Amino acid sequence: MNMQVSGAILIDKPPFITSYDVIRQLKGLLPAVKIGHTGTLDPIATGLMILLLGTATKLAGYFLKLSKVYTFTVRFGQETDTMDSAGTIIKECDYTHITTDALIEAVQSLTGIIEQHPPAYSAIKYRGRPLYEYARKGQKVEVSPRMVKITDLSMNKFYPPYAEFTAAVSSGTYIRSLAKSIGDGIGCCAHVTELRRLSIGGFTVGQALQLHKIKQHLTCNAHDYSFLIDGEILMNEIRQNDSLGNQEVQT
């Protein structure tokens, strides 16, 4: 095994597995290579993940701060404990009063810097443990809200009880919480049913590889790492981000 393997893999994460499942599957084929992520995706989510390998893992902090773009679908009239379709329905309400104009007005009110409460089922640490551990035990904890920046939020289509949106957001933004805020704005409970990350900084999902294709490649070509993005390209992205200013909202 080449111990000098270093760079990044852009992966189009499939649905219904965790981000750590993706890393574990690759570690099975790259057992001597350190692999780190630059931001996880929920199990139901698909789309762009940037994995850093070898010495490139030292750059993770820079990439965690990059802005992101998502498309997501919201189901109105139902609330779940996880705020997405992977959870259990805990509340139902009428959605027939929702109109296209009301949704457009709701999303317009959510652009800019807003206060956001992280979901109970999230990896944010509280007293050294992720919030989802408390949630799974039915324990409620109070976590301070955070300030995030919604650069752009638009509705793509509305087909009751569903609506599809596109959002460009700062690092640290939870789309599940954003969906709840949209629901609150029109007086209706809601949860996310589909979520896809389109970009992280200047990298897009169109550049990404399917997980099964990478696994197939490594199985057949154990020492061919031509799919890696090299360090110079990664550093150029960091320099460009620095020139634009830190995308992370400071609180």
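What follows is calculated from the coordinates using simple rules that are stated; it is not laboratory data. As the structure is a computational prediction, the values presented were derived from the model and not from experiment. Cβ: placed from backbone, ideal geometry, glycine included. Neighbour counts: every protein chain shown.
Our estimate of slack between Ala60 and Ile233, defined as 0.36 nm per intervening residue step minus the Cα-Cα distance, is 60.9 nm.
Ranked by Cβ crowding within 10 angstrom, fewest neighbours first, how are His191, His37, His117, His97 ordered?
Working: His191 26, His37 19, His117 14, His97 10.
The most exposed by this proxy come first: His97, His117, His37, His191.
Counting only the Cα atoms, the chain fills a convex hull of 131 Å³ per residue.
In this structure, the residue pairs whose Cα-Cα separation is over 29 Å, taken from Lys68/Lys213; Lys140/Lys215; Lys27/Lys65; Lys27/Lys125; Lys27/Lys140, are Lys140/Lys215; Lys27/Lys140. Straight-line cross-link reach from Lys157 at under 20 Å between alpha-carbon atoms covers these aspartates and glutamates, not counting any fewer than eight positions away in the same chain: Asp84, Asp94, Asp101, Glu105, Asp184, Glu194. As a proxy for reagent exposure, Ser154, Ser85, Ser177, Ser226 were ordered by neighbouring Cβ count within 10 angstrom, fewest first; the result is Ser226, Ser154, Ser85, Ser177. Anisotropy class assigned to segment 41-142 is oblate, per the alpha carbon gyration tensor with a/c at or over the 1.5 cut-off and a/b no larger than b/c. Extension gain, Glu115-Lys137: 0.36 nm per intervening residue step, less the Cα-Cα distance, totals 5.3 nm. Normalising the average separation of contacting C-alpha pairs (under 8 angstrom, six or more residues apart) by the number of residues puts the relative contact order of segment 68-199 at 44 percent. From least to most packed, judged by other beta carbons within 10 angstrom and beginning with the fewest, Cys189, Cys220 follow the order Cys220, Cys189. Antiparallel beta bridges, as assigned by DSSP with both residues in segment 68-199, represent about 95 percent of the total such bridges.
First measure r as the distance between the Cβ atoms of Leu29 and Gln240, then evaluate 1/(1 + (r/R0)^6) with R0 = 30 Å and state the FRET efficiency to the nearest 0.05. My answer for the efficiency is 0.45. Take the Cβ atoms of Tyr162 and Asp94, set R0 to 22 Å, and the FRET efficiency comes out at 0.90.
With a ≥ b ≥ c the root eigenvalues of the C-alpha gyration tensor of segment 68-199, is it rounded (a/c under 1.5), prolate (a/b larger than b/c) or oblate?
Oblate.
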